[in-house]
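Here the structure is laid out as structure tokens; the discussion comes afterwards.
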Amino acid sequence: MDRPQEMNWPREIWASSIKVVSENYANPITCLFHVLFKAAALAFYILFSLFVKSFVIIFVITVLLAALDFWVVKNVSGRILVGLRWWNEIDDDGNSVWKFECLDAESLARMNKKDSWLFWWTLYLTAAAWIVLGIFSLIRLEADYLLVVGVCLTLSLANIVGFTKCNKDAKKNIRAFAENAAQNAITSRITSSLQSAFSVI
């Protein structure tokens, strides 16, 4: 009985397939921690509110996990996955001032699409999940659990607002950079055309 023949694929095909797999997520560890604390806070709150019913434990652990998630997203995963960072300062007049940082246009264009997709969708889905849990607490007239949800939702919305503002600011900067680059290219082309015309004369 003949042995089945092995498929001798060219090395280029194997290399390209390995490259596609490895390029699924550029920063898998960061993606893991970006999702981990969100899932942990939600899972702990749901499971303990169903089976333990100890408000103090639920409040402390859930808010702690949500605070860790807030810090990781704001200072680590936002910077690595989408190239954005935000913070809020109080100026000398007592006004709240938003501060934004982003990578340059070329670096932002090279950001991994799946990393970016995971970052934004988990932000929005987490806030939506806390809203649903808040509605359940409101229906069941559980004001204490509504306090837990309110704190976690506030932290989640703070990151959404901060990164949304930062993203808009980054797009504005990229647009301005592109316009300046186009104007400089047109100016240099006109200048070179005039120089060549005068050199001919």
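The values are calculated or read from the model by the stated rules, or taken from the named source; none is laboratory data. Small disclaimer: the values here were computed from a predicted structure and weren't measured. As a convention, Cβ positions derive from the backbone with ideal geometry for all residues, glycine included, and neighbour counts pool all protein chains shown. Just so you know, the surface numbers come from the protein's heavy atoms only, side chains and all, with ligands and any DNA or RNA stripped out. Shrake-Rupley method; radii C 1.70, N 1.55, O 1.52, S 1.80 Å.
Starting from residues that are among the polar types (S, T, N, Q) and crowded, with 17+ Cβ neighbours inside 10 Å, keep the ones in segment 55-78 and report whichever is nearest to the chain's Cα centre (by Cα).
77
Considered as a group, the residues in segment 115-128 that are open to solvent by 30 Å² or more (accessible area, probe 1.4 Å) and small (Gly, Ala, Ser) include one that is nearest to residue 46 (Cα to Cα), and that residue is 128. Of all residues being of a type in the set (S, T, N, Q) and modelled with pLDDT of 70 or more in segment 19-34, which is nearest to residue 113 (Cα to Cα)? Just the residue, please. Selected residue: 24. Cβ-Cβ distances below 9 Å connect the following pairs, each with a first residue in segment 116-142 that is acidic (Asp, Glu), a second residue that is open to solvent by 100 Å² or more (accessible area, probe 1.4 Å), and a separation of six or more residues or different chains: 142/136. For segment 60-94, a tally of residues being under 25 Å from residue 27 (Cβ atoms), β-branched (Val, Ile, Thr) and without any contact (Cβ under 8 Å) to a residue 60 or more places away in the chain returns 3.
Is one or more of the residues making up segment 89-97 at positive phi and exposed (fewer than 11 other Cβ atoms within 10 Å of the Cβ)? Yes, some residue in segment 89-97 is at positive phi and exposed (fewer than 11 other Cβ atoms within 10 Å of the Cβ). For segment 34-54, how many residues are assigned to a helix (DSSP H, G or I), free of Cβ contacts under 8 Å to residues at least 60 places away in the same chain and open to solvent by less than 60 Å² (accessible area, probe 1.4 Å)? Counting residues in segment 34-54 that are assigned to a helix (DSSP H, G or I), free of Cβ contacts under 8 Å to residues at least 60 places away in the same chain and open to solvent by less than 60 Å² (accessible area, probe 1.4 Å) gives 5.
Scanning segment 142-169 for residues that are acidic (Asp, Glu) and surrounded by 15 or more Cβ atoms within 10 Å (Cβ to Cβ) gives 142, 169. Checking the stated criteria, residue 57 turns out not to satisfy the condition of being in contact with a helix residue (DSSP H, G or I) (Cβ under 9 Å, 6 or more places away or on another chain), touching a residue at least 12 places away in the same chain (Cβ under 8 Å) and either closer than 18 Å to residue 167 by Cβ or assigned to a helix (DSSP H, G or I) (or both).
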